[in-house]
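Participant: Pasting in a structure now, in structure tokens, and then I'll have a few things to ask.
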Amino acid sequence: MKKLMTLATFAIVLAGCSAVSPSASSSLAAAPTTNTAAATTAVATPPGSSSPAPALSLNDEVWTVDWSLVTAFWSPAVATAADPLVLIHTIPEIDGFFFSLELYTTGYGQLWTGELGEAAVGCAEGPPGGNSTGICPYFDSDGPGPVELNSAFVATGSITINKLDGTGYDIFVNEVVYPNGTTVGGFAMVGP
């Protein structure tokens, strides 16, 4: 229970971190007034365990995720923010690995502004993003974050966004390839 309270507190603190600009607009649907952490299932991997997370598997050199087995955090976009951002990721301390999508609508890329459909991943370094989508994927198969794969800025591939609004998300990760050859894909992220 204490861990859930900590996660809820983290979500509330993170929700208050957006820069707000009343004149900014986005094609994303308005988010509810509060952000919450969404738990999709119970703990997938006991904290401190060295065994691989059951939700993560390597098949034919492609990492896939069974999103129904992860404890996912998500923060929907605040339409009045200067750069409405959607953040969806696993919780490494619980899930045993890290996968994250940061979907910016203006900073780190200007080629995606919240539309549904297939979109290339692309995360130009620093705002203004220029010729990039602003969809930044991060992955670390055995740790707390993208330490060895902190190369989301040059990852290639695509995702398909079926739903992305203040009530939830439905995203299919087609394929994301990192510069070192690590590939992630072929799975759906649905929540909360």
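What follows draws every value from the coordinates through simple rules; no lab data is involved. Since the model is a prediction, treat every value here as computed from it, not as a measurement. Cβ placement follows ideal geometry from the backbone for every residue including glycine, while neighbour counts extend to all protein chains displayed.
Participant: So if each residue of separation counts as 0.36 nm, and I subtract the Cα-Cα distance between S68 and V154, what length gain in nm does that give?
Facilitator: Working: separation 86, 0.36 × 86 = 30.96 nm, distance 2.82 nm.
Gain on stretching S68 to V154: 28.1 nm.
Participant: Hey, another quick one. Could you calculate the contour length gain from E118 to D142, that is, 0.36 nm times the residue separation minus the distance between their Cα atoms, to one decimal place in nm? Present the calculation step by step, with values, prior to reporting the outcome.
Facilitator: Numbers: separation 24, 0.36 × 24 = 8.64 nm, distance 2.83 nm.
That pair, E118 and D142, stretches by 5.8 nm at full extension.
Participant: Sorting check: for 93-99, 153-159, which peptide has the highest mean count of neighbouring beta carbons within 10 Å, and how do the rest follow? Write out the running numbers ahead of the final one.
Facilitator: Details: 93-99: 22.7, 153-159: 17.4.
Averaged packing, sorted descending, gives the order 93-99, 153-159.
Participant: Can you give me the C-alpha center-to-center distance between region 57-101 and region 159-181, rounded to a whole angstrom?
Facilitator: 9
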